[in-house]
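The structure appears below as structure tokens.
The values are calculated or read from the model by the stated rules, or taken from the named source; none is laboratory data. Given the structure is predicted, the values throughout are model-derived calculations rather than measurements. Cβ: placed from backbone, ideal geometry, glycine included. Neighbour counts: every protein chain shown. All accessible areas refer to the heavy atoms of the entire protein, side chains included, with ligands and DNA or RNA removed. Shrake-Rupley method; radii C 1.70, N 1.55, O 1.52, S 1.80 Å.
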Amino acid sequence: NADPKTILNQAKLLYVYSYSELITEQMMETALMKMPEFEKWKLVIVKDSKLADISINVEHVLFTFNYTYSMTDRRTNILLASGKVTVWDGNIASGKFAKLIIEKLKPGREPLKAPETKDEKKKKSKQ
């Protein structure tokens, strides 16, 4: 299937790569794994690009504070998403990219359960 929405919705295996020392694969992997959705949706980071559903490339634009990311379907090479942030360093950029990537993967997936409100807790304790 070459539908980008379907590809994003069904993706589980992610491969991250970078050719920059200012934003590394490890920074991006750590930022993704810190997201609560990562475990909830059973996402996995793989170290072999051939196993991945989606490849994520992160880069720093030389002589700027700009960082870019792109997500492509490994099988079809369709560009699924891309973006840019302007920040001081790669650690900040990787956190922002992780949020953007999770937002792109979110449609059609089970949402995270919202924390209970005080009223809901009171109702449960009265029962």
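Name the one entry in ILE56, ILE7 that is surrounded by 20 or more Cβ atoms within 10 Å (Cβ to Cβ), out of contact with any His (no Cβ under 9 Å at 6 or more places or on another chain) and modelled with pLDDT under 95. Reasoning before the result, please.
Values: ILE56 fails: modelled with pLDDT under 95.
Step by step, each of ILE56, ILE7 is checked, and only ILE7 is surrounded by 20 or more Cβ atoms within 10 Å (Cβ to Cβ), out of contact with any His (no Cβ under 9 Å at 6 or more places or on another chain) and modelled with pLDDT under 95.
Scanning the stretch 39-53 for residues that are open to solvent by 80 Å² or more (accessible area, probe 1.4 Å) and of a type in the set (A, V, I, L, M, F, W, C) turns up just one, LEU51. Only residues that are touching a Ser or Thr at 6+ places or on another chain (Cβ under 9 Å) and farther than 15 Å from SER70 by Cα were counted in the stretch 92-114, giving 1.
Table: residues versus (1) modelled with pLDDT of 95 or more; (2) open to solvent by 50 Å² or more (accessible area, probe 1.4 Å).
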| site | (1), (2) |
| --- | --- |
| HIS60 | yes, no |
| TYR67 | yes, no |
| THR72 | yes, no |
| SER82 | yes, yes |
| THR86 | yes, yes |
| ILE92 | yes, yes |
| GLY95 | yes, no |
| LYS99 | yes, yes |
| LEU112 | no, yes |
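Among the residues of the stretch 10-38, those identified as modelled with pLDDT of 95 or more, polar (S, T, N, Q) and either out of contact with any strand residue (DSSP E or B) (no Cβ under 6 Å at 6 or more places or on another chain) or open to solvent by 80 Å² or more (accessible area, probe 1.4 Å) (or both) are THR24, GLN26, THR30.
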